[in-house]
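The values are calculated or read from the model by the stated rules, or taken from the named source; none is laboratory data. Please read all numbers here as calculations on a predicted model, not as lab measurements. Note: ideal-geometry Cβ built from the backbone for every residue, glycine included; neighbour counts use all protein chains shown. Just so you know, the surface numbers come from the protein's heavy atoms only, side chains and all, with ligands and any DNA or RNA stripped out. Shrake-Rupley method; radii C 1.70, N 1.55, O 1.52, S 1.80 Å.
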Amino acid sequence: MLQKTSAATDMVARYPSLIDKRVIVTGGGSGIGEGLVEAFVAQGARVAFVDIAEDAARALVDRLTPDARHAPIQRRCDLTDIDSLKAIFADLEAALGGVDILVNNAGNDDRHSIDEVTPAYWDERLNVNLRHQFFAAQAVIPAMKRAGGGAILNFGSISWHLGLNDLVLYQTCKAAIEGLTRSLARDLGRENIRVNTIVPGNVQTPRQEKWYTPEGEAEIVAAQCLDGRIQPSDVAALVLFLASDDARMCTGHDYFIDAGWR
């Protein structure tokens with residue numbers, strides 16, 4: 001079945017298995033995360049998301065609620081505060097009635113040079129980009145086990161596969177996430193919990209436009225196999241499939257949505 005999106009010429013797949021599924025998305029208030037929240041809501045899922053930016057998160061809830069089967073729920077959460085993360089996830093689990101799908105999307109790709117890195121900055125960057133993915137997964141695993149299974153989708157990045165400049169710590173974290181996925185998939189597979197990594201290329205969001213000039217964007221497109229700029233909706237299309245029952249035998253792997261950027 002296909003469903004029209006807000007753009008009249010676009011068509012997206014409809015997954016009956018996602019209707020009423022209980023979903024938590026981290027970093028869901030803007031950028032790729034906003035596209036993920038919108039996509040799951042459009043599928044009829046029960047969606048909760050966390051973000052540190054409250055104004056953007058509330059605006060998203062207001063925009064999506066009128067047409068939603070289930071109004072999305074948002075909470076402010078600093079994911080570097082693990083005690084707060086655990087408490088908020090427990091609250092969201094209660095509000096949703098459980099958790100079936102976790103999308104570990106949140107991250108921050110601030111640029112830095114090698115000589116700028118201090119031990120404190122090292123810890124802060126790993127906390128922002130890596131540590132919370134493990135503890136978010138740990139927080140939802142008991143609910144998934146009670147439900148008889150679930151799906152965890154961790155967000156990696158094309159950046160470390162390319163070896164981009166001024167992103168040593170970010171790329172270290174994103175490389176580690178692929179190892180985290182493999183380990184969790186092995187440990188949780190017999191509980192019917194699938195774990196995969198989404199590896200986006202350069203997605204056209206306001207944040208990415210902060211880093212790239214039009215000339216820089218043109219260079220990225222030239223390095224891709226496909227023309228055009230990747231949109232959050234393109235990433236969401238892959239996430240929806242991997243979260244759905246259609247992907248029931250997909251686990252422990254990395255799935256690229258990068259337009260063939262090399």
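Filter the chain for me: DSSP H helices, axial length by Cα at least 18 angstrom, mean Kyte-Doolittle hydropathy not below 0.5. List them by residue number.
Values: long enough: 82-96 (21 Å, 1.01); 132-147 (23 Å, 0.31); 168-188 (30 Å, 0.21).
Once both thresholds are applied, what remains is 82-96.
Add +1 for every Lys or Arg and -1 for every Asp or Glu among the other residues with Cβ under 9 Å from the Cβ of R76, and state the total. Before the final figure, lay out each step's value.
Details: positive: R75; negative: D51, E54, D78.
Around R76, the surrounding residues sum to -2.
What number does the stretch 65-151 give for Rg over Rh if you use C-alpha atoms and the Kirkwood radius? The partial results should precede the final answer.
Working: Rg = 15.9 Å, Rh = 14.8 Å.
Rg divided by Rh gives 1.07.
Placing one identical point scatterer on every Cα of the stretch 147-227 and ignoring solvent, what is log10 I(q)/I(0) from the Debye formula at q = 0.12, 0.13, 0.22 Å⁻¹?
The Debye formula, applied to the Cα set alone, gives -0.47, -0.54, -1.03.
Quick one: putting +1 on the C-beta of Lys and Arg, -1 on the C-beta of Asp and Glu, what dipole do you get for the stretch 111-262 around its Cα centre, in Debye to the nearest 20? Before the final figure, lay out the partial values.
Details: 15 positive and 18 negative charges, 149 e Å.
Here the size comes out at about 720 debye.
First check a/c for the stretch 179-262, with a ≥ b ≥ c the square roots of the eigenvalues of its C-alpha gyration tensor; if it is under 1.5, answer rounded, and if not, answer prolate when a/b is larger than b/c or oblate otherwise. Don't skip to the end; give the middle numbers.
Working: a/c = 2.79, a/b = 2.50, b/c = 1.12.
Prolate is the answer for the stretch 179-262, as a/c is 1.5 or above and a/b outweighs b/c.
Which whole-percent values make up P(r) of the stretch 6-149 when all C-alpha to C-alpha distances are grouped in 10 Å steps starting at zero?
Using 10 Å bins, I get a P(r) of 11, 39, 32, 13, 4, 0 for the stretch 6-149.
Summing +1 for each Lys or Arg and -1 for each Asp or Glu, what net charge is found among the other residues whose Cβ lies under 11 Å from the Cβ of C225?
Numbers: positive: R262; negative: D227, D258.
My count for the surroundings of C225 gives -1.
Report, to the nearest whole %, how much of the accessible area of the stretch 122-255 belongs to carbon and sulfur atoms, 1.4 Å probe, protein only. Don't skip to the end; give the middle numbers.
Values: 3260 of 6220 Å².
Of the solvent-accessible surface of the stretch 122-255, carbon and sulfur hold 52 percent.
Let's see if you can work this out: charge +1 on each Lys and Arg Cβ, -1 on each Asp and Glu Cβ, no other charges. What is the dipole magnitude of the stretch 22-63 about its Cα centre, in debye to the nearest 20? The partial results should precede the final answer.
Details: 4 positive and 6 negative charges, 48 e Å.
Here the stretch 22-63 has a charge dipole of around 240 debye.
By what distance, in whole Å, do the Cα atoms of the stretch 105-177 stretch along each of the three principal axes, largest value first?
Largest to smallest, the principal-axis extents are 47, 26, 14 Å.
Pick out, from L60, Q204, A42, the residue whose Cα sits farthest towards the positive end of the charge dipole of the chain, with +1 on the Cβ of Lys and Arg and -1 on the Cβ of Asp and Glu.
Of the listed residues, the answer is A42.
Accessible area per residue for the stretch 104-210 in Å², computed with a 1.4 Å probe and the full protein assembly in place, what is it? All intermediate terms of the calculation are to be shown ahead of the outcome.
On the way: 4750 Å² over 107 residues.
With the other protein chains kept in place, the stretch 104-210 gives 44 Å² per residue.
Need one word for the stretch 108-250: rounded, prolate or oblate. Basis is the Cα gyration tensor (sqrt eigenvalues a ≥ b ≥ c); a/c below 1.5 gives rounded, then a/b vs b/c decides. Could the numbers behind the result be given before it?
Numbers: a/c = 2.62, a/b = 1.39, b/c = 1.89.
Judged from the Cα gyration tensor, the stretch 108-250 comes out oblate (a/c at least 1.5, b/c at or above a/b).
Could you put C77, C250 in order of accessible surface area, largest first, with the 1.4 Å probe and the full protein assembly present? Kindly include the intermediate steps, with their values, before the conclusion.
Numbers: C77 5, C250 30 Å².
Reading off the accessible areas and sorting them downward yields C250, C77.
Rounded to the nearest 5, what % of the DSSP beta bridges within the chain are antiparallel ones? Provide the component values of the computation, followed by the final result.
Working: 3 of 30 bridges.
Given both bridge residues lie in the chain, the antiparallel proportion sits at roughly 10 percent.
Just check the stretch 62-112 against the gyration tensor rule for me: Cα atoms, a ≥ b ≥ c as the square roots of the eigenvalues, rounded for a/c under 1.5, and otherwise prolate or oblate depending on whether a/b exceeds b/c.
Details: a/c = 2.29, a/b = 1.37, b/c = 1.68.
It comes out oblate by the Cα gyration axes.
Per-residue accessible area for D62 at 1.4 Å probe radius, Å² rounded to 10?
Estimated to the nearest 10 Å², D62 gives 110 Å².
Which entry in (1) 31, 25, 17; (2) 32, 18, 17; (3) 26, 23, 18 is this structure's computed semi-axes √(5λ) of the Cα gyration tensor in Å?
Given (1) 31, 25, 17; (2) 32, 18, 17; (3) 26, 23, 18, the structure-derived one carries the label (3).
Net charge near A176, counting Lys/Arg +1 and Asp/Glu -1 over other residues with Cβ under 12 Å of its Cβ?
That works out to +3.
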